[in-house]
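Participant: Structure in structure tokens, see below.
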Amino acid sequence: MRTIIFKIGLFAIVLTAAVSCNDFLDVNIDPNSPVKENLSLHAKLPAALVVSAHYEATTLNQIGGMWGGYWGTSNEGVNAFTALKMYNGPAIRDTRDGIAVWESTYNNLLYYKEILDQANAEDARFYAGIAKIMMAHHYFTLVDFYNNVPFDDALKGSAVLHPRYEAGQDVYQKSIQLINDGIEDVKVASLLPTTDDVLFRGDKVKWARFGNTLKLRALLRQSEIAAQSSYIADEVSKIVQEGSGFILEDAQVNPGYLNTVGKMNPMYETYYRNNAGVAVANYANIRPTNYLISMYKERNDPRLAQIYTAVDGDFKGVIFGNNTIDNAYAAQNTSALKGPVENANSAAGVIKSFSQATVMISLSEANFLQAEAIARGWISGSLEQVYRSAVQASFNYLFNVSNYNIDTYLTDRNVDINNATNKIERIITQKWLALAGINNMQAWNDHRRLGYPAFPNSATATNPTTFPLRFMYPETELNTNNEMVVAQGDNSILSSRVWWDAQ
Amino acid sequence: MKVFYLKSCLSFVAMLCVGITFAQQHVTVRGRITDGESGAPLEGASVKIKENPRSGTPVSGSTGGFLIRAHQGQILQVNMLGYANKEIPIDGQNHDVVIKLDRSVNELTEVVVTGALGIKRSSRELGTSAQSVNNEELNLGKVVNPLLALSSKVAGLRINATDQTTGKTDPGIQIRMRGTRSLNRSKNDPIYVVDGVPLPNITRINPNDIADITVLKGANAAALYGSEGVNGAIMITTKSGKTGAGEVNFSNSTTFANVFLLPPAQKAFGQGQNGVYSAVSAESWGDRFNGEMRDFGLPINGIQPTKLYAAPARDNRLDFFDTGVTVQNDLSFSGGDAKSSYFLSLQDVRLKGVIPHDKSSRTGVRFNGTRSFDKLTTSFNANYVLFKNNTTSDGPWLSVYTQPANIDYNEAREWEDPSSPNHPLNWYNPVAGTRNPIFMANNNRNTANQHTLNSKLEFTYDFTDWFSVTNRTGYYLQAEAGRVTNKKLVSNIATRNINGTLNDSGRDFTRLNNDFMLNFRKEFGEFTTRLLLGHNIRMDDAKLINVQANNLLFEDIFNQGSRTGELSGGSTITQYRSLSTYGEFTMGYRNYLFLTLVGRNDRVSTLDPSNNSYFTPGVSASFVFTDAIAGPKNSKMLNYGRIYGSYNRTGNVTLDPYRLNLTYSQTNGFPYGSLVGFTPSLIEPNSRLKPEFVTSYEGGLQLGFLDSRLNADITYAYSDSDGQIFNAGISRATGFNSTYVNAGRMINNTLEVMLNGSAIRSQDIDLQFGINFTFTDTKAKDLYAGNEFNIFRQAYAIKDEPYPTLRMTDFERHEGKIVLDQSGNVLPSEEEVILGTMVPPYLFGFNTQFRYKEFSIGFQVDSRLGSWMYSEVIPRMYSAGTHPETVKYDRQPFLMPNTVIKQDDGTFTENTNVLSQGDKDWWTKYGAIQTTTAAKADYLKLRELYIGYALPNSVVQRQGVFKKASIGLVGNNVFIIKHSSNQIGDPEALYNQTDGYSSFRQIPTSRSFGFNINMTF
């Protein structure tokens, strides 16, 4: 009652001051969140980079895990990842229950676009360079999933409501140019980021190496398109001229993970345990395929026991795409990811601790990329040496040491590069083993490009030669940019190929 | 704008001076006008001096009070619609006179309606349409929510109960008047006005406190409310004290509800995969039920549990649900004298939900009081309601649709024994989504204590008999403390784990609304004039706080202090302000021709200052031709006839605060210690937004036949909302998910026909009926960025199609035949097909009340036709093998009739030999064809049924304890006839603010029966 009287009094005052109603109405400044103008670049960059890295470790890792031959599901996970296991394109594109690679990637691109615009306005070229390199990285991902995608028209908000799709090949080319520009920007920058650059702490050379590595990855992706050879040669020579070379350590992000829900390393939190140390559902759902286990076993690969737990002294996998319940595939009868709890409280292979850094590109992958480029005669160097350092980097990462002894391993007849008749196949197979669980996405890309390694397709697939080739354009695009989608023609996941996929 | 303000301020002051100057010394007659039967005060009665027609016409206010100056010996004339005229000689003693009016017969045609700002006026002078529902009609079915009671009683009004995320024992309401005007689904509600004060929400109001509800249909009728009235207004008048001896009322109502209309499930096949039994599978792809004992789940402490492999005759899913019970107790006191009145009511509602452990309660008290002092009348209303809700979140019952037919949910209630197979650690299936639903209901609780205070303070000062000033202040406060808890469960099987979590939230909302109004009323010869000038101030303030712990350490200690990891939470503050000035001028000629002009200027805080002021003009007229033209005037057949029409252009701002700038927030785990990381909102802001405008007009014809025993009202209304402000989804390649725009246009054509009759009216027999019919055609036009716009999942706005349109994938067809691939699987069509609108264009309502001596019976039937719906439960039932279709071919490969096979070269051949597998994979693909989940939503329902018996007067008179007593039986949703294609559920039940969509989260509709007792002391 007293409040009411007070309010009435207040009203009386307001009424007499009616002419000052502009002030009365001036309450539309959001008291809860800052606007873009309030924030400096170093308040924006860490978030964009962390989102990029986490996407690699979570969504992309799951798609690559299922479609790259690494993972299947246990009995407990029979209803998990069904769209991927059944090659169900329409289910994947579904807005609600699908996998939003398109949406998430363009959102992430927007974060970099906002940084780029602000960096250009403030002449902060290091930030502009990072934004360009990271944008190129995401555009590659988009093309790898959807082929033709908007580039020039993209990220303009409602100014361009129906962004025009450009040929995947053009988007690749423009993105490679973005990296060239980005490296240039970073190198000439005077204002350097510090801790806000959660990837390289403002190190110019490391960013240049990272850019070159991304470029090499993108150039190798088009290796099977004969018409691209001169373009590839030009761009490879630019990398050589630039001179910084490729990454010399794992490119990984660590914002300072905490043992708290939503602030833990995403690998740890998504596939292993939560902050109370309790296993998460994926820990029971996801299992290695029999194929992955056999590939390790064929090579007496010590990494198997470092990444996975044994069941009754042996390693047991599942069949990808199997939708039947069989006691052999129960979670407890198959090998789970090994983490600190199963490894005497010390870091295991893929799962090390809640605060482990998230890998964007591993040193091992960078070396395998160079090995392939050498084998193809694109760059000079000793194939044996680079191949060795690639395998070495994988063992070092998984065993958490600086120099794991791989001499014996390298002499295995299935591992030795010198006795391989098909050197590319050997490189890609080792790369496949090295990236397992870390950067699964590359396995699907390499499999589409080269068919290595020849893992089996889904148990529910109607035809043994059927493999998923792409994602369909998402339902959100059907709803909002329909003409463009229709103009692309067939986008079925089993019949339509992305531009660099020459079958 | 400023100039306009200044002018109005000046004119106020000028009027004040004038009023004081002209005050003269006369005999002052002051009194109250009441209903002769009930003693209730009558607002809107006009009082004048017979000898001096130019004396001005005071109108009794909300308390029935009036004030007039006269000379001794003159005669006071009191006129009130629906009542016989009354004349009283003035003898100098009439200082506090109570004038009782007797009801007249033609109350069907001419009624008093509560117009905008709570001003009572005669229906004859309205150029717009309005319909009133009184307390008795409202409380026929004894519903808890007053809005639900309006369902199907008012033409042009569509009301649906909607199940909300946490609303299992507190259902929400979707209300649409004359179609949908905004593409923004949450901005189509009318304004709710209680005793003249606009409130954000009226679900907490006790229906028994309501004297009547007037529905002002559309923007034209609610024009004085400007933007807020663009979807019409629901005007609620609460009861006030009656003059005379005090009265005490007590009533009790108890009803029992049971779920019905579940989508049917098969009972032939049990748990397993590929035709093989599995003791741990939650899907029904096993072998046929055969009545033998089988292993069920995994061994517990080394002992293998077993279960009879057979489906019970009764639908096992019904055992998951409880019988809901609603008990309402009401007690009210009222009384008053010539100067004051009071009404005090208490209500307690206890509701036990159909989901185990769900319950809610509502306890409220209302005090309405009035007091007159000389020229000043004051009234004060206060209503406090404590609402408590305790429900489980959405999850538990979803899996009831997909778990096998032999699961016994009665046994599942006994889950607490650690050695029981129903214990969450032993439940036969270890998948997180199919936990024991009874355990889940117990484990996840969502509780809220909500306090609502709604108060009004009103002063009216009668300066003279033709000029008065009113100030009405409404203060509304709602404070809610919420808590969501999940009890921790740890298992060595990861999918059984449940994190212990706690989220405490606090939500406060306050609204201060003030209307300051000047009322002028003068007669000039044959002309009557009335002018209203007003000013409105609105201040809405909201604050939301939540504190969350996502990993509790102990099973039984729900406190953020006992957690691991960091605390999370935050707060949000929202402020909204608006200032408005408005005016209404009504001129009447000989009481049969009326013209009304309305204008309102709104200024709102949510738009940029350069765009935030806008003007709403309106004009309406009404002509009672039977009074004007000599011929029909005395006709017995047609005794009353009126035509009316109106035009309005209403400005509207549906934008919430803070949508003009791009804001950033920390997500993805940020901040990590000292490292901050901000990301932008993915909704693109737009600082150039302008108000949207709704142009609407209507025309109507009202006829009274047979001495007003039959009343007909036919109205056609049109509205065109253009330049809508809405959050439009855009291509994600723009970077953003959606953007705020001024775009989109929607056109509504509405035809309403109402027929009310009083067929028999005698001492012993009374038969009344009402029929209403509404046709609404809502069409989307000129959409943002193209010809279509996705509203929600399969609901679209498509240019020139009825809104919202159901569009979905169909089977791929070739010359009408279903196309199969070479493995016999169905294929989805490349393009989606349009099925039709998702809101019913045709609404019919029929209600009747029949009384024979002490017995009465009343019922209400309604039917809604012409729309489509779909269910997302269905695909899940297909893939889980519980859908009845999946057993149609006995789970064997079959030749699907009328199909063609798609060949590699794209040609089609008649299917003569390709067998469809009829297994999980096949039926999953079949269920993914969205048209298999759709149905026509036509229905006819016996919504309410009431059978009552009142104690005869002879009995009542013999005892002195109570004055009146009655008992009754009530039923709601008594029966329903659905379209044969509809195996989905109740077409009327909605989920959140969607249309034509059955969510698997939604609880099934209930049918309820009960009784009530009423006593007056």
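Participant: Let me spell out the model: positive unit charges on the Cβ of Lys and Arg, negative unit charges on the Cβ of Asp and Glu, origin at the Cα centre of segment B:912-994. What dipole size does that give, in debye rounded to 20?
Facilitator: Dipole about the Cα centre, nearest 20: 520 debye.
Participant: What does the charge count near B:SER856 come to, summing +1 for each Lys or Arg and -1 for each Asp or Glu among other residues with Cβ under 15 Å from its Cβ?
Facilitator: That sum, taken over residues with Cβ under 15 Å, equals -1.
Participant: Please compute the average number of Cβ atoms from other chains found within 10 Å of each residue's Cβ in peptide A:71-78.
Facilitator: Neighbouring Cβ atoms belonging to other protein chains average 4 per residue here.
Participant: How big is segment B:875-972 by Rg and Dmax over its Cα atoms, in Å?
Facilitator: Reported Rg and Dmax, both Å: 29.6, 94.
Participant: Compute the acute angle (0 to 90°) between the alpha-carbon long axis of helix B:2-22 and the principal axis of greatest extent of the alpha-carbon atoms of chain B; round to the nearest 10°.
Facilitator: The helix B:2-22 is inclined about 40 degrees to chain B.
Participant: Could I ask something else about it? If the reach is capped at under 17 angstrom between alpha carbons, list the aspartates and glutamates near A:LYS206, excluding any in the same chain fewer than eight residues apart.
Facilitator: Result set, ordered by chain and number: A:ASP181, A:GLU184, A:ASP185, A:ASP196, A:ASP197, A:GLU242, A:GLU249, A:ASP250, A:GLU365.
Participant: Could I ask something else about it? When only Cα pairs under 8 Å and 6 or more residues apart are kept, what is the percent relative contact order across chain B?
Facilitator: Once normalised by length, the contact order is 11 percent.
Participant: Would you mind ranking B:HIS357, B:HIS883 by Cβ crowding within 10 Å, fewest neighbours first?
Facilitator: Going from least to most buried by this count: B:HIS357, B:HIS883.
Participant: Can you tell me, using C-alpha contacts under 8 Å and at least 6 residues apart, the relative contact order of chain A as a whole percent?
Facilitator: Relative contact order comes out at 22 percent.
Participant: Strictly greater than 22 Å: what percent of every Cα pair in segment B:338-430 meets that?
Facilitator: Pairs farther apart than 22 Å: 58 percent.
Participant: Working from Cα positions, state the angle (0 to 90°, nearest 10) between the long axis of helix A:101-122 and the longest principal axis of chain A.
Facilitator: The angle comes out near 60 degrees.
Participant: Kirkwood-based Rg over Rh for segment A:165-298 (C-alpha set), two decimals?
Facilitator: So for segment A:165-298, dividing Rg by the Kirkwood Rh gives 1.09.
Participant: On to the next question. From the backbone phi of segment B:340-355, what are the Karplus-calculated ³J(HN,Hα) couplings (6.51 cos²θ - 1.76 cosθ + 1.60, θ = phi - 60°) in whole Hz, Gly and Pro given as x?
Facilitator: Residue by residue, segment B:340-355 yields 8, 8, 8, 9, 10, 9, 10, 9, 9, 10, 10, 10, 10, x, 7, 8 Hz.
Participant: So what is the relative contact order of segment A:145-236, in percent, for Cα pairs below 8 Å that sit 6 or more residues apart?
Facilitator: After rounding, I find 19 percent.
Participant: Same structure, new question: Please list, or write none, the aspartates and glutamates whose alpha carbon is within less than 13 Å of the alpha carbon of B:LYS522, excluding same-chain residues fewer than 8 places away.
Facilitator: Leaving aside aspartates and glutamates fewer than 8 places away in the same chain, those within reach of B:LYS522 are B:ASP465.
Participant: Run the reach check for B:LYS964 against aspartates and glutamates, Cα to Cα strictly under 18 Å, same-chain hits fewer than 8 apart removed. What comes back?
Facilitator: B:GLU37, B:GLU136, B:GLU247, B:ASP330, B:ASP764, B:GLU854
Participant: Is there a simple number for the mean count of other chain Cβ atoms within 10 Å of the Cβ of residues in B:574-580, and what is it?
Facilitator: The per-residue average across the peptide is 4.
Participant: Within 10 Å of each Cβ in peptide B:679-688, how many partner chain Cβ atoms are there on average? Round it to a whole number, please.
Facilitator: 4
Participant: Quick one: grab the alpha carbon gyration tensor of chain B, order the square roots of its eigenvalues as a ≥ b ≥ c, and give me rounded if a/c is under 1.5, else prolate or oblate depending on whether a/b is larger than b/c.
Facilitator: Since a/c reaches 1.5 and a/b is larger than b/c, the shape of chain B is classed as prolate.
Participant: Listing A:GLU372, B:GLU480 from the residue with the fewest other Cβ atoms within 10 Å to the one with the most, what is the order?
Facilitator: With the sparsest Cβ surroundings first, the list reads B:GLU480, A:GLU372.
Participant: Sticking with this one: Given R₀ = 22 Å, FRET efficiency for B:ASN410-B:ILE300 by Cβ-Cβ distance, to 0.05?
Facilitator: The calculated FRET efficiency here is 0.65.
Participant: Against the 2.2 N^0.38 Å scaling, with N counting residues, where does segment A:48-105 land? I'd like the Cα-based Rg ratio to two decimal places.
Facilitator: Ratio of Rg to 2.2 N^0.38 Å for segment A:48-105: 1.18.
Participant: Once all Cα-Cα distances of segment B:428-525 are split into 5 Å bins that start at 0, what whole-number percent is in each one?
Facilitator: In whole percents, the pair-distance histogram is 3, 10, 13, 11, 8, 8, 7, 7, 6, 6, 5, 5, 4, 4, 3, 2, 1, 0, 0.
Participant: What does the C-alpha gyration tensor say about the overall shape of segment A:392-503? Classify as rounded when a/c is under 1.5, otherwise prolate if a/b is larger than b/c, or oblate.
Facilitator: Verdict is prolate for segment A:392-503.
Participant: Going by C-beta contacts inside 10 Å, put B:LEU199, B:LEU376 in order with the fewest on the left.
Facilitator: Least to most surrounded, the residues fall as B:LEU376, B:LEU199.
Participant: Measure off 7 Å from each Cα along the Cα-to-Cβ vector at B:PHE373 and B:ASP905, then give the distance between these two points in nanometres to one decimal.
Facilitator: For the pair B:PHE373/B:ASP905, the computed spacing is 10.0 nm.
Participant: Over the Cα atoms of the protein assembly as shown, how large are the radius of gyration and the largest Cα-Cα distance (Dmax), in Å?
Facilitator: 36.9, 129
Participant: Next up: What value does chain A have for Rg/Rh, both radii from Cα atoms and Rh as Kirkwood defines it?
Facilitator: Radius of gyration over Kirkwood radius for chain A works out to 1.03.
Participant: Step through the table entries A:LYS44/A:LYS132; B:LYS142/B:LYS352; A:LYS44/A:LYS215; A:LYS204/A:LYS238; A:LYS316/B:LYS925; A:LYS113/A:LYS204, compare each Cα-Cα distance with 23 Å, and write down the pairs that go over it.
Facilitator: Check vs 23 Å cut-off fails for A:LYS44/A:LYS215; A:LYS316/B:LYS925.
No lab work stands behind these numbers, since they all come straight from the coordinates. Given the structure is predicted, the values throughout are model-derived calculations rather than measurements. Counting neighbours? That spans all protein chains shown, and the Cβs are built from the backbone with ideal geometry, glycine included.
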